[in-house]
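Down below is the structure, laid out as structure tokens.
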């Protein structure tokens with residue numbers, strides 16, 4: 001990240017985004033078990049991979065960030 005300091009609310013927003021990505025991956029994975037259409041199954045598999053990758057990317061960004069109050 002260009003700015004290595006985030007306000008507390010920004011950190012919370014990013015953690016919430018990680019949670020949303022994880023839920024998206026879990027829902028898509030669960031739906032894959034119910035789908036018989038190969039194209040839809042492929043789409044869901046890509047969704048799982050993309051959401052998981054995005055969650056990991058955000059987490060790695062957060063690992064190099066410090067918090068600081070900007071209020």
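The figures follow:
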item: Counted residues, region 1-42 - those being under 13 Å from residue 58 (Cβ atoms), touching a strand residue (DSSP E or B) at 6+ places or on another chain (Cβ under 8 Å) and part of a helix (DSSP H, G or I); result: 2
item: Candidates 26, 30, 51 - the one that is at pLDDT 95 or above and surrounded by 15 or more Cβ atoms within 10 Å (Cβ to Cβ); result: 51
item: Qualifying residue in region 5-15 (condition: exposed (fewer than 13 other Cβ atoms within 10 Å of the Cβ), touching a residue at least 60 places away in the same chain (Cβ under 8 Å) and more than 13 Å from the chain's Cα centre (by Cα)); result: yes
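The values are calculated or read from the model by the stated rules, or taken from the named source; none is laboratory data. If you're wondering where the values come from, they're calculated on a predicted model, not measured in any experiment. Note: ideal-geometry Cβ built from the backbone for every residue, glycine included; neighbour counts use all protein chains shown.
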